[in-house]
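We did not get these values from a lab; they are worked out from the coordinates using the rules stated. Fair warning: this is a prediction, and the values are worked out from it, not measured in the lab. Here Cβ is always computed from backbone atoms with ideal geometry, including for glycine, and neighbour counts include all displayed protein chains.
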């Protein structure tokens with residue numbers, strides 16, 4: 001056996017012995033140890049639980065946004081221009097809504113576009129649908145051209161059919177309903193051909209959307225209700241909130257956005273030295289903006305968790321100082337039989353790190369329980385804890401023990417063996 005192997009074997013033996021001694025000490029003072037690391041436990045639970053929620057939200061948001069189409073862009077007067085923590089500016093409030101003529105300008109000018117569609121939204125804050133005694137509230141209700149079903153990647157009709165351009169031109173009162181909207185109104189009954197009331201106007205169901213992956217509407221429900229554009233204008237003549245979505249050829253999205261912007265600036269008479277009086281967003285930009293929000297939440301969570309870890313660390317330092325005082329004679333005996341300063345230091349550091357490490361493991365286990373509880377109560381939020389979060393929680397907890405246990409460990413190592421043996 002080489003010298004290196006002997007040293008490694010001795011190091012493993014010493015570490016194992018120190019951990020066993022630490023566990024024996026913890027068992028002897030269970031209540032005191034638990035109260036000491038309560039702050040560390042709370043800090044780890046906070047961090048890991050928030051990571052689980054944020055990762056679940058991030059996965060859902062990416063699924064939903066990418067479901068609209070990764071090669072598409074949406075234009076409106078204010079289209080997801082990033083996280084807002086203040087009121088819109090006067091210029092934004094005074095913007096004229098997009099119009100059908102704006103859509104035509106984009107459609108004719110965008111040679112890099114595969115297809116374009118326009119959506120018209122109502123003036124009611126909360127749309128509702130009724131069928132007999134059943135009602136569903138909070139619809140994504142809009143009028144759209146027949147191109148809607150090709151531009152939106154998540155507009156897949158699994159039952160019945162989409163409405164046609166002919167039905168749009170003739171203002172036929174038909175509707176394609178989201179999967180959860182249809183099940184909420186009809187249950188197990190076949191929805192096709194049935195008449196439903198949406199905002200007190202009758203529409204005949206001709207198709208049902210497949211529910212997209214991830215959360216869609218409130219509570220993760222697919223409550224889309226799409227009718228032909230000109231039908232919507234006939235039924236709701238005061239509606240003027242338009243949105244235009246373009247689908248670009250592969251690799252041509254930046255070119256398509258530029259062409260659409262030029263067309264909109266021209267038709268909306270924006271001077272060359274003035275900024276756009278409309279907004280636009282892509283799946284990538286919305287996801288990036290969401291990550292900015294997640295970053296802010298993570299920063300706040302880190303600050304809150306740091307307070308808990310600081311309190312826990314101070315508690316660990318205090319309990320370790322008490323432990324040094326209580327075990328002064330033991331330290332004297334160990335030094336008298338040949339223990340070196342570093343042996344004493346590692347003995348107490350191992351005890352502190354074991355204490356906080358167990359708190360970190362308990363915090364991770366509690367976080368798994370919280371994550372499972374959230375998943376069972378909020379179906380639209382599939383939280384999950386990545387492996388790196390587990391390692392981070394336990395590592396941070398042990399680091400707290402290492403940092404705040406250093407002073408008591410050094411103090412113990414500096415004790416004079418003769419004075420320590422005399423201590424009563």
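Observations
- Fraction of antiparallel bridges per DSSP, segment 161-268 only, in percent to nearest 5: 60
- Projected area averaged over orientations for segment 271-326, convex hull of C-alpha atoms, nm²: 6.8
- Most to least packed among 329-335, 260-266, 34-40 [average Cβ atoms within 10 Å]: 34-40, 260-266, 329-335
- Cα radius of gyration and Dmax for segment 124-237 (Å): 12.7, 35
- Computed extension length for residue 276-residue 370: 29.3 nm, one decimal, from 0.36 nm per residue of separation with the Cα-Cα distance subtracted.
- Residue 157-residue 200 FRET efficiency (beta carbon distance; Förster radius 22 Å; 0.05 resolution): 0.30
- At R0 = 60 Å, FRET efficiency that the Cβ-Cβ distance of residue 234 and residue 341 yields, to 0.05: 0.10
- Across segment 241-361, the volume of the C-alpha convex hull divided among the residues equals 240 Å³ per residue.
- With the simple model of a label 7 Å out from the Cα in the direction of the Cβ, residue 108 to residue 384 spans 4.9 nm.
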